[in-house]
1. Would it be correct to say that ARG146 is of a type outside the set (A, V, I, L, M, F, W, C), assigned to a strand (DSSP E or B) and under 17 Å from the mean Cα position of the chain (by Cα)?
2. Considering only the stretch 254-262, I want to know if a residue exists there that is closer than 19 Å to MET68 by Cβ, in a loop (DSSP other than H, G, I, E, B), of a type outside the set (Val, Ile, Thr) and in contact with a Gly (Cβ under 6 Å, 6 or more places away or on another chain).
3. Need the failing condition index for PRO116 against (1) in contact with a Phe, Trp or Tyr (Cβ under 8 Å, 6 or more places away or on another chain); (2) under 20 Å from PRO219 (Cβ atoms), just the number.
4. Those residues that are closer than 22 Å to ARG102 by Cβ and in a strand (DSSP E or B), I need them from the stretch 263-305; list them, please.
5. Within the stretch 238-263, take every residue that is hydrophobic (A, V, I, L, M, F, W, C) and within 15 Å of VAL95 (Cβ to Cβ) and give me the one that is surrounded by the most Cβ atoms within 10 Å (Cβ to Cβ).
6. Could you count how many residues in the stretch 86-104 are in contact with a His (Cβ under 9 Å, 6 or more places away or on another chain) and loosely packed, with under 14 Cβ neighbours inside 10 Å?
7. For PRO83, only one of the following conditions fails: (1) surrounded by 14 or more Cβ atoms within 10 Å (Cβ to Cβ); (2) at pLDDT 95 or above; (3) more than 20 Å from ARG173 (Cβ to Cβ). What is its number?
8. Tell me whether the stretch 223-235 contains one or more residues that are crowded, with 16+ Cβ neighbours inside 10 Å, touching a His at 6+ places or on another chain (Cβ under 8 Å), touching a residue at least 40 places away in the same chain (Cβ under 8 Å) and assigned to a loop (DSSP other than H, G, I, E, B).
Amino acid sequence: MPAFHWNTIIVASVAVLLAACGDQQGDIAPAAEQTVQVGGRTLKPGDAFRDCDNCPEMVVIPAGRFSMGSPANEPGRSPDEQPQHNVTLAKPFAVGKFEVTRAEYTAFATATTATPTPGCFHFNGTEQVLDAARSWQAPGYEQGERDPVVCLDWDEMRAYLQWLSARTGAEYRLLTEAEFEYVARAGTTTARPWGPDIGRGNANCDGCGTDFDAKRTSPAGSFKANAFGVHDMLGNAWERLEDCWHDTYAMAPTDGRAWTVGGACAQRVTRGGAWLSDAPDVRSSLRNWDLATNRKYTLGFRVARAL
């Protein structure tokens, strides 16, 4: 993975974004002003760490401010991505460098003797159908240990997070929707962190120009990290988030916390798109939801941690 020179990248990015967008985008403070202590180490944004063997590798994310939602001129923009609004994340935090992998989830399943719950939705070419023979261990396509774990419901993901928290003494959780978009954008205002167009070979989706397109998940680290040092925020597997579903951003929190008041909490937000998603839909601002009880072969998760 390439080294990221944070002081240079962040200051330069802020200057460009502020000049182009005025108060819409906000800013990200220099990394030197955002050091944190983790396990006796002094870390800055972009630095990675693990709290234990087989724990997800985490990346320090800088505090900052961004404009959440899609601008009026973004192709594919949906009403649920509006109104665009500024969000401030006041403190650095950490997120998984990758989606939770099969190897990481296997460590939990082995330690807790958790057996796979059968039943996972897949797309049969016409609709989503439940296949009782599928599970996270057998989603219906080939996976390796470095692929994101899929075919888990809300309770199974929460059980993993509780186990990880108890094992490490740190509070692990799902990302909030605001945190997800902030990390996905990584200081950019374009539809995708690499630019306005999907391009070729930037992510795993249907039409992304990779060997995995519309076939299966791809191993963690198959594609270049964004400017925050995080991989696969777009494509590969949908990521389940903490927030309850709301049809628009009207009255949405502006401090980055999970939005669980007044929403449909049986429907939890999912973001990022997946290996089966159409390329035009794979955007930083795209929103979706899924029932908390559903397991799908396109749906995984990523962890977050306070610092």
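The values are calculated or read from the model by the stated rules, or taken from the named source; none is laboratory data. The shown structure was predicted, so the numbers you read here are calculated from the model rather than taken from an experiment. Neighbour counts are summed over all protein chains in view; Cβ atoms, including those assigned to glycine, are modelled from backbone coordinates with ideal geometry.
1. For ARG146, the condition - of a type outside the set (A, V, I, L, M, F, W, C), assigned to a strand (DSSP E or B) and under 17 Å from the mean Cα position of the chain (by Cα) - is not met.
2. No.
3. With (1) in contact with a Phe, Trp or Tyr (Cβ under 8 Å, 6 or more places away or on another chain); (2) under 20 Å from PRO219 (Cβ atoms) applied to PRO116, the lone miss is (2).
4. Within the stretch 263-305, ARG268, THR270, ARG271, ASP290, LYS296, LEU299, GLY300, VAL303, ALA304, ARG305 qualify.
5. LEU241
6. 0
7. (1)
8. yes
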